[in-house]
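To start, the structure itself, in structure tokens.
The values are calculated or read from the model by the stated rules, or taken from the named source; none is laboratory data. Source: prediction; values computed, not measured. Cβ: placed from backbone, ideal geometry, glycine included. Neighbour counts: every protein chain shown. The protein model used for the area step is the full one, side chains on, heavy atoms only, and it has no ligands, DNA or RNA in it. Shrake-Rupley method; radii C 1.70, N 1.55, O 1.52, S 1.80 Å.
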Amino acid sequence: MVSIRLDKVTKRFGKVVAVNNVDLEIEDGKLYVLLGPSGGGKTTTLYLIAGIYKPTSGRIYFNEKDVTDLTPAERNVGLVFQNYALYPHMKVYDNIAFPLRLRKEPKSKIDSKVHEVAKFLRIENLLDRYPHQLSGGQQQRVALARALVKEPSVLLLDEPLSNLDALLRVYIRAELKRMQQDLGITSVYVTHDQSEALAIADKIVVINKGVIQQEGTPEQIYENPRNVFVATFIGNPPMNIVKGTVLEDGTIETTGSRLTPPPAVLEKIKRLKLKNILMAFRPENAVVSEHPIEGRFSPMGDLFEVEPLGRDAVVTVTVGEFVIKVVMPTREAMQLRIGSKVYVNIDPSTIKYFDPNTELNLEYIEA
Amino acid sequence: MMPETTDVETINRRRMNLALGIVVLIASIPILVTYFILMASSFTNQMITGSMVGQLTFTLRNWILFFEGKLTVASAAVYSMWDILRYILNTFIVAFGVMLVTTALATMAGYACSRMKFRGRKFLIQLLILLHAFPGVSLIIAVYALYIFSKGPIPSQWWTLYAFIYVIVARAALEIPMDIWIMKGFFDKVPWEVEWSALIDGASRIKVWKDIILPLVKPGIAAVAIFSFIAGWGALIYVLVFLPPTEKTLATYIAGLLAGGSLEVVHLPVVAAAGTLYLLPTLIFFSFVRRYMLQTSLSGIKG
Ligand SMILES: Nc1ncnc2c1ncn2[C@@H]1O[C@H](COP(=O)(O)OP(=O)(O)OP(=O)(O)O)[C@@H](O)[C@H]1O
Ligand SMILES: [Mg+2]
């Protein structure tokens, strides 16, 4: 029963600011996913929670208790390292038993716990081996077993499934989620795989350059990204961006096509005195064609590429400085000629509007 | 029949080992031959040379003479058997002393150089190599001055003991810089995450050091132990200078036999026996420690 709170936490390594003034509250029993690009500060945040790194400034609380100055052991966390960090000179059994032996638990209890967790992770037949006799995926599961066997109050996972094959990843991921819910362990899960994040997270925290970009449920993050970074990071392919000019009459124009934004958006545009605006839309909410379609917002561009992926195809169009990817039925896509002028017909109701200066979603700007 | 399938890597390694083995063998033939002649001579009536192989007979007499402290068949004993045994004991004391001091200090300092941040760390690490380049002989005057100076306050009945300690520490000091460097290399290869993992599992700093880190650098410790043991076992100048003339080691004893014109008088096979004895512990010690040297693999930790 632990909730975690980071209060204005900053971590510097020399000149590098790995984590920058982060405020974050992790609810008890929930699975939070830290999602972000490489070098974004995910591992650093995890180590700060574990107590491996001390924050340069700011405090960390478990429940209402200030744990900033406590050792990792005193925080009772389980951590799966990005590189597993198994003890190479110990057999798998001893690796898993290590934390229990340190607690001086009786031998029989250690034995039953080790076998239980090994069975859960399907590594029972490996207990007799040394880490160097295991595949990457097996090593990863041993690391997971070692973290779980302690029954920690907080479980921290640094890309724990990155080395498993696709099938096993989905299996362990589902099992992990179920187990996390059953045990009610507050968990922080680091990944740069967004589909993994969307699949298991109670809450996703998108982090880039040491700054939290957005925090929310998978739906919130996917449906309503807070800024351009999140919009162009989440989704496969992610959201597309086009730039428009705001005209005197309040309509928005791009390459001759015009759009009247919803009244709420229009009001904010006026208040912020925006001359330009960024518009984002999902690849599946547009259709590429040789002629503009009535009722849609249809910027014009050059057809760059068509990649058939079975039933659907990814169609790439360049509109001015922006590259746009649209997912549409392969049959229709194959009618188009590479290099020709085409229209990207966007469903106006799905468009999100961003201030080009702050790159913030207008919906997140206070009216 | 199907040929036995072999991994690509295994084939490579086997060929590699074979090639390496042949090269090493050829390169060591002169040394091996010399050692063989030395050892064989200690069991024959004369030194073995090419011309008289037919006239050799097997005998243990040289070894008996050696332990009786006699240098020729005819002469009276120059040293007693107790002298010889004491010299052997002295050799062990110095060798193990140097080994223990060097290994303990190099392991701890190597860890500090690898893991801890402190002012002047870079400079210190570079200095280690420079220090190693200093020949021990060039320092001997300063080291001797320090010896005389530090011996002053010590009561004279303790001087022999003090001389031993001083020889061990001074000789170890020559070995330590290079061995710190070696140990640092081994510690550098142990990922931080392994240490952190143990800390998170609830281990104390001491426990992490003892149960996790030391086992992972065992090959380094073994190497350093061998090098320093050999250095202590063969120490000549420092032993000659600091130990009182009555306290010899095998190295200084043999050097004494061969020096000062006595070479014409002594029966050479006796010297060969002394030389063989002098070699033996190094070989035994080496074969004992060798298996630790190549043992630990650091996998289980991704790049
Ligand atoms: N010990 C360190 N010393 C100096 N800089 C560091 C250290 N650890 C991390 N950094 C820097 O801090 C930033 C964040 O690193 P971090 O490891 O938290 O990224 P990450 O989000 O986990 O990335 P990845 O997905 O590649 O693991 C990076 O710019 C990194 O270079
Ligand atoms: Mg990382």
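Across the stretch A:73-82, what is the number of residues that are open to solvent by 20 Å² or more (accessible area, probe 1.4 Å) and part of a helix (DSSP H, G or I)?
The qualifying residues number 2.
Does B:Ala112 satisfy the criteria of being part of a helix (DSSP H, G or I) and more than 22 Å from B:Thr246 (Cβ to Cβ)?
yes
From the list A:Gln220, A:Gln214, which residue is more than 14 Å from chain B (Cβ to nearest Cβ), without any contact (Cβ under 8 Å) to a residue 60 or more places away in the chain and either part of a strand (DSSP E or B) or within 16 Å of ligand 2 (Cβ to nearest atom) (or both)?
A:Gln214
From (1) out of contact with any Lys or Arg (no Cβ under 9 Å at 6 or more places or on another chain); (2) within 14 Å of another protein chain (Cβ to nearest Cβ); (3) not aromatic (Phe, Trp, Tyr), pick out the condition that doesn't hold for A:Asp28.
(2)
Collect the residues in the stretch A:83-102 that are in a loop (DSSP other than H, G, I, E, B), facing chain B (nearest Cβ under 9 Å) and either crowded, with 19+ Cβ neighbours inside 10 Å or free of Cβ contacts under 8 Å to residues at least 40 places away in the same chain (or both), keeping them in residue-number order.
A:Asn83, A:Ala85, A:Leu86, A:Tyr87, A:Pro88, A:His89
Among residues belonging to the stretch A:7-23 that are open to solvent by less than 10 Å² (accessible area, probe 1.4 Å) and under 19 Å from the mean Cα position of the chain (by Cα), point out the one that is farthest from ligand 1 (Cβ to nearest atom).
If we take residues in the stretch A:7-23 being open to solvent by less than 10 Å² (accessible area, probe 1.4 Å) and under 19 Å from the mean Cα position of the chain (by Cα), then A:Val22 is farthest from ligand 1 (Cβ to nearest atom).
Here are some conditions: (1) within 14 Å of chain B (Cβ to nearest Cβ); (2) free of Cβ contacts under 8 Å to residues at least 60 places away in the same chain; (3) within 16 Å of ligand 2 (Cβ to nearest atom). A:Gly14 meets all but one. Which one does it not meet?
Single failed check for A:Gly14: (3).
One line per residue, one yes/no per condition, for (1) closer than 27 Å to A:Val17 by Cβ; (2) acidic (Asp, Glu):
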{"site": "A:Gln181", "(1), (2)": "no, no"}
{"site": "A:Gly184", "(1), (2)": "no, no"}
{"site": "A:Val188", "(1), (2)": "yes, no"}
{"site": "A:Asp193", "(1), (2)": "yes, yes"}
{"site": "A:Ile200", "(1), (2)": "no, no"}
{"site": "A:Ile204", "(1), (2)": "yes, no"}
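Output the number of the condition that A:Leu46 fails; it satisfies all remaining conditions of (1) surrounded by fewer than 16 Cβ atoms within 10 Å (Cβ to Cβ); (2) within 16 Å of ligand 1 (Cβ to nearest atom); (3) assigned to a helix (DSSP H, G or I).
Failing condition for A:Leu46: (1).
Taking the criterion of being assigned to a loop (DSSP other than H, G, I, E, B), away from ligand 1 (no atom under 14 Å from the Cβ) and under 23 Å from the mean Cα position of the chain (by Cα), would at least one residue in the stretch A:52-64 satisfy it?
no
For the stretch A:152-170, name all the residues that are hydroxyl-bearing (Ser, Thr, Tyr) and within 16 Å of ligand 1 (Cβ to nearest atom).
If we filter the stretch A:152-170 for residues that are hydroxyl-bearing (Ser, Thr, Tyr), which is where we start, we get A:153, A:162.
Of everything in the stretch A:152-170, just one residue is hydroxyl-bearing (Ser, Thr, Tyr) and within 16 Å of ligand 1 (Cβ to nearest atom), namely A:Ser162.
Among what's in the stretch B:192-217 and is more than 8 Å from chain A (Cβ to nearest Cβ) and under 22 Å from the mean Cα position of the chain (by Cα), pick the residue that is least open to solvent (accessible area, probe 1.4 Å).
B:Val217
Give the residue, chosen from A:Asp202, A:Asp193, A:Asp158, A:Asp165, that is acidic (Asp, Glu), crowded, with 21+ Cβ neighbours inside 10 Å and touching a residue at least 12 places away in the same chain (Cβ under 8 Å).
None of the others qualify; the one that does is A:Asp158.
Does the stretch A:54-82 hold any residues that are in contact (Cβ under 8 Å) with a residue 40 or more places away in the chain, on the phi < 0 side of the Ramachandran plot, more than 16 Å from ligand 2 (Cβ to nearest atom) and not small (Gly, Ala, Ser), and which are they?
Across the stretch A:54-82, the qualifying residues are A:Pro55, A:Thr56, A:Arg59, A:Ile60, A:Tyr61, A:Phe62, A:Arg75, A:Val77.
Would you please name the residue that is nearest to A:Gly36 (Cα to Cα), looking only at residues in the stretch A:173-194 that are under 18 Å from the mean Cα position of the chain (by Cα) and away from ligand 1 (no atom under 16 Å from the Cβ)?
That would be A:Ser187.
What number of residues in the stretch A:262-317 are crowded, with 16+ Cβ neighbours inside 10 Å, in a loop (DSSP other than H, G, I, E, B) and free of Cβ contacts under 8 Å to residues at least 60 places away in the same chain?
4
Restricting attention to the stretch A:108-122, which residues are closer than 15 Å to A:Phe98 by Cβ and either open to solvent by less than 70 Å² (accessible area, probe 1.4 Å) or part of a loop (DSSP other than H, G, I, E, B) (or both)?
A:Ile110, A:Asp111, A:Lys113, A:Val114, A:Val117, A:Ala118
Give the number of residues within the stretch A:39-53 that are within 13 Å of chain B (Cβ to nearest Cβ) and either out of contact with any strand residue (DSSP E or B) (no Cβ under 8 Å at 6 or more places or on another chain) or more than 9 Å from ligand 2 (Cβ to nearest atom) (or both).
Residues in the stretch A:39-53 being within 13 Å of chain B (Cβ to nearest Cβ) and either out of contact with any strand residue (DSSP E or B) (no Cβ under 8 Å at 6 or more places or on another chain) or more than 9 Å from ligand 2 (Cβ to nearest atom) (or both): 7 in total.
Which one is least open to solvent (accessible area, probe 1.4 Å), of the residues in the stretch A:54-71 that are more than 14 Å from every other protein chain (Cβ to nearest Cβ) and hydrophobic (A, V, I, L, M, F, W, C)?
A:Ile60
State all residues of the stretch A:17-36 that are within 16 Å of ligand 2 (Cβ to nearest atom) and under 14 Å from A:Gln214 (Cβ atoms); if no residue qualifies, say none.
Selection gives A:Val22, A:Tyr32, A:Val33, A:Leu34, A:Leu35, A:Gly36.
Among what's in the stretch A:123-147 and is in a helix (DSSP H, G or I) and over 20 Å from A:Leu100 (Cα atoms), pick the residue that is farthest from the other protein chains (Cβ to nearest Cβ).
Only one residue tops the list, namely A:Asn125.
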